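Take a look at the structure set out below.
The values are calculated or read from the model by the stated rules, or taken from the named source; none is laboratory data. Just so it is clear, the structure is predicted and the values come from calculations on it, not from any experiment. Here the Cβ is made from the backbone with ideal geometry for all residues, glycine too, and neighbour counts use every protein chain on show.
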Amino acid sequence: MKKVAIIATGGTIASRYKPEQEEVTVGASSDFFRELATSRLPEIPVTTSDFAGIGSYMMSLNQAFELVQAIGKFLADDAVSGVVVTHGTDTLEETAYMADLLLDSDKPVVFTGAQKAADDPESDGPRNVLDAIRVAASDAARGIGVLVVFDQEIHAARDVTKTHTSQLGTFQSAEHGKLGEVDQGQVVLHRRPLVRASFKCSAIEPRIDIIKLAMGADSRFIDCALASGTRGLVIEAFGRGNVTPDVLEGVKRAVAAGVAVVVTSRCPRGRVAPIYGLSGGVGLARAGAQFAGDLSGIKARILLSVLLGEGGDEAPLAEALGRVAA
């Protein structure tokens, strides 16, 4: 029987409380997950490895890219039917989306984590890991992209986001909904995602910045990013994709300097589009900014890091956004 590979990266799911330090720190390794799976799911063979032992707030874009490459090596093994990645929840959705963009395999790749530490008497980690293994071993999960399994729900990496700092059901796909759930050990899927694409990439561009607008925002953050060598900007704009006149002028300077500018919304749901004049979306489009549909700002940043890592220019960027930014 083929095995499920478990890659551990740290996070709350691998953390324990240190009373002498009065803090929660990463302590457990992938051995814990192997023992858990062997005792609770003996019918599914697993193999485990440790990639890192960090809180995901310490994960960098380059580390995420290295992790995706490590996942790819397991997927290339004919003895592996799927991969589970245990990851801290803070940046889980970003690493998972990078994997979704870069991995071209029908084998399931499933990210999971926990909101409570491994030694918490109410830890959600063990159930999440067991459910993730079930999904990774399921034929139903093949060919639908990278998944996030959390609190018995199955989500697409493109759509899911962390919505609560501490509650167990933190991961939600508010705009499009979950793909399915794990019910009493059974993997149940209700829909398959239609909007996704894979890109070949030998390197990523980490110098991508996000600027979230607030009432009266000016261009200082844009100018600071330009001065410090940014290669791409994601503007979390107002509503449908509108900015202040000052920000529009900053965007014009950025585009003139060869910096890719992508527009998303600071709203948690809905699409951006060039509709309003003056410094609205029409002005941004005429300045050369690209619109990211309903992608969140942090997902647009991941996409931009992948596309610019390929050395893309305006035309490929626009085409790529059309493929993944519905």
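Quick notes
- Asp159 vs. criteria more than 23 Å from Ser296 (Cβ to Cβ) and either of a type outside the set (Ser, Thr, Tyr) or surrounded by fewer than 20 Cβ atoms within 10 Å (Cβ to Cβ) (or both): no
- Some residue of segment 253-271 being among the polar types (S, T, N, Q) and in a helix (DSSP H, G or I): no
- Subset of segment 176-219 [touching a Leu at 6+ places or on another chain (Cβ under 9 Å), part of a loop (DSSP other than H, G, I, E, B) and among the charged types (D, E, K, R)]: Arg191, Arg192, Arg196, Lys200, Glu205, Arg207
Each row is one residue, and each column tells you yes or no for (1) within 19 Å of Glu319 (Cα to Cα); (2) surrounded by fewer than 19 Cβ atoms within 10 Å (Cβ to Cβ); (3) modelled with pLDDT of 95 or more.
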site	(1), (2), (3)
Gly229	no, yes, yes
Ala237	no, no, yes
Val261	yes, no, yes
Gly281	yes, no, yes
Gln290	yes, no, yes
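- Residue under evaluation Leu179, criteria (1) assigned by TED's automatic domain parsing to the domain that holds Val251; (2) aliphatic (A, V, I, L, M); (3) touching a His at 6+ places or on another chain (Cβ under 8 Å), criterion not met: (1)
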